[in-house]
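Engineer: Submitted below is the structure of interest, expressed as structure tokens.
The values are calculated or read from the model by the stated rules, or taken from the named source; none is laboratory data. These numbers come from a predicted model, not from an experiment. Cβ placement follows ideal geometry from the backbone for every residue including glycine, while neighbour counts extend to all protein chains displayed. Side chains are part of the model used for accessible areas, which takes the heavy atoms of the whole protein and leaves out ligands, DNA and RNA. Shrake-Rupley method; radii C 1.70, N 1.55, O 1.52, S 1.80 Å.
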Amino acid sequence: KVVGALYILGFVVGIAGSVLGTPGQLETVSARSMMIAIGALLWVSAAAGDAAHGIMMFPILKQKNERIALGYFGARIVEAAVIAVSALFILLQIPLGSEFLKASASETSYLQSLSALFTQSQAYTYQIGMVALGVAGLTLCYGFYRAKLVPQFFVIWGFIGYVSFLGGSLLEILGFNLQLLHTILGGLWEISFGVWLIAKGFNPSAFVSQVKNRVTNEIGV
């Protein structure tokens, strides 16, 4: 239930952070500095939730395959760290906006160029974070496939959604503007899967089967 709630909260908080944390034109940043800062902090909160996913799923996935558990944990930590750096580039726009209002005409061009550089850096780091999310999601779905923890429908949907995440983010880095279309399947999966975990949880028979196999191995039957 907690893992499911984190999926839903992370999705909602991430969208709120994207809306509030868009700096826009440099001349308007100073007036909106509080909202921009809140948006960046929401991004960091969503990243912390992603790291929490890796931590909470580790003991569950480890019961079936420790390598999968470590792979998912590592990819989630990388994703969270990169998204946090992306949020930092948003926060750097605030002092730039303040300096822009005090700058002379000869300095504004330089500040605008620096703002554009931070904006592009934020976009790149975000997409790199989404690549890490794609890797994490595919690792998780493979773990679910091996452990039979969730219905196979969610496994197939998750594979398709995270392949779209991964491929689309790589294309964004290469300069293609997909208008977030590559995130739709994966985003819907996270919301739907979160609701499923809260309502149904993991497949209990998978844990029973693992316990039986462990006992059988221990007694040598």
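Engineer: Might you check whether a residue that is under 30 Å from Lys102 (Cβ atoms) and not acidic (Asp, Glu) occurs anywhere in the range 47-70?
Structural biologist: Looking through the range 47-70, none of the residues is under 30 Å from Lys102 (Cβ atoms) and not acidic (Asp, Glu).
Engineer: Of (1) exposed (fewer than 15 other Cβ atoms within 10 Å of the Cβ); (2) part of a helix (DSSP H, G or I); (3) at pLDDT below 90, Thr108 satisfies all except one. Which?
Structural biologist: Against the list (1) exposed (fewer than 15 other Cβ atoms within 10 Å of the Cβ); (2) part of a helix (DSSP H, G or I); (3) at pLDDT below 90, Thr108 comes up short only on (1).
Engineer: Residues being crowded, with 17+ Cβ neighbours inside 10 Å and either among the polar types (S, T, N, Q) or out of contact with any Pro (no Cβ under 9 Å at 6 or more places or on another chain) (or both): count how many of those fall in the range 1-32.
Structural biologist: 15
Engineer: May I ask you to list pairs of residues, at least six apart or on different chains, whose Cβ atoms are under 7 Å apart, with the first in the range 178-203 being over 20 Å from Tyr145 (Cβ atoms) and the second being at pLDDT 90 or above and among the charged types (D, E, K, R)?
Structural biologist: So the pair list comes out as Leu178/Glu172.
Engineer: Among the residues of the range 16-28, is any without any contact (Cβ under 8 Å) to a residue 60 or more places away in the chain, under 15 Å from Pro95 (Cβ atoms) and assigned to a helix (DSSP H, G or I)?
Structural biologist: no
Engineer: Is it the case that Ile38 is within 27 Å of Leu92 (Cβ to Cβ) and open to solvent by 40 Å² or more (accessible area, probe 1.4 Å)? Walk me through it before giving the result.
Structural biologist: Details: within 27 Å of Leu92 (Cβ to Cβ): yes; open to solvent by 40 Å² or more (accessible area, probe 1.4 Å): yes.
So Ile38 fits the description; yes.
Engineer: I've got another one for you. Please count how many residues of the range 145-177 are surrounded by 15 or more Cβ atoms within 10 Å (Cβ to Cβ), among the small types (Gly, Ala, Ser) and free of Cβ contacts under 8 Å to residues at least 60 places away in the same chain.
Structural biologist: 5
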